[in-house]
Amino acid sequence: MKKPTDALDLYLTPGEFHFSDQPTRMRTLLGSCIAIILWHPRRKIGGMCHCMLPARAHRGAALDGRYVDEALALFKQEAMARRSAIDEYQLKLFGGGSMFPTQRRDIMGGNIARMNVAAAHQFAEQSRLVPKGQDMGGIGHRNIFFDTWSGHVWVRHTSLKTAEGNDEKDKGTGRR
């Protein structure tokens with residue numbers, strides 16, 4: 001489907017959440033972070049959240065897109081504001097790549113990438129949605145492009161050098 005001439009082009013930085021009911025291309029770059037995408041196939045609306053961590057210890061007054069567990073509430077708010085239910089949307093999940101594969105643990109005492117992937121699966125379970133597309137885990141980073149007018153998501157997964165010094169191959173771009 002061709003890009004509409006009036007489409008917005010947005011780049012989401014870590015922690016940002018955007019939901020749109022007009023033609024929009026959302027882009028982001030993920031390492032260990034997770035992108036959660038919800039898209040309504042009939043109404044051609046949807047959003048993306050660039051989550052950095054599975055959860056925070058103490059929830060603040062406002063919901064925060066940096067956390068996977070709070071992204072579900074953000075999406076529910078946006079769906080309700082548009083008189084739709086979360087189960088009318090398609091779910092797509094991306095990211096959770098290991099950026100430092102030779103390290104056993106990170107500063108939080110666990111592997112953030114794996115914890116984010118587990119939180120994304122929990123998001124799917126809590127929202128009662130089976131992911132329509134996903135590309136998670138592995139080594140390296142991903143460029144994500146999501147078009148609200150078609151629901152298409154393009155992913156370019158670029159792997160890093162492995163501990164043995166071999167280059168992991170670029171998995172290329174694929175539509176999900």
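The values are calculated or read from the model by the stated rules, or taken from the named source; none is laboratory data. Predicted model, so just to flag it, every value in this text is computed and none were measured. Reconstructed Cβ throughout: ideal geometry from the backbone, glycine too, with neighbour counts over all protein chains shown.
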Using the structure shown, decide if Met52 is more than 18 Å from Asn116 (Cα to Cα) and at pLDDT 95 or above. no
Regarding Arg175, is this residue at pLDDT below 95 and on the phi > 0 side of the Ramachandran plot? no
Among the listed residues His50, His40, which satisfies the condition of being surrounded by 24 or more Cβ atoms within 10 Å (Cβ to Cβ) and under 22 Å from Thr148 (Cα atoms)? His50
Complete set of residues in the stretch 119-158 that are free of Cβ contacts under 8 Å to residues at least 60 places away in the same chain and among the acidic types (Asp, Glu): Glu125, Asp135
Identify the residue in the stretch 57-77 that is in contact with a Ser or Thr (Cβ under 9 Å, 6 or more places away or on another chain) and buried (at least 19 other Cβ atoms within 10 Å of the Cβ) and, among all such residues, is modelled with the lowest pLDDT. Leu72
Could you grab me the full set of residues in the stretch 8-37 that are of a type in the set (A, V, I, L, M, F, W, C) and surrounded by fewer than 17 Cβ atoms within 10 Å (Cβ to Cβ)? Leu8, Leu10
Members of the stretch 120-133 that are surrounded by fewer than 21 Cβ atoms within 10 Å (Cβ to Cβ) and closer than 13 Å to Ile34 by Cα: His121, Gln122, Ala124
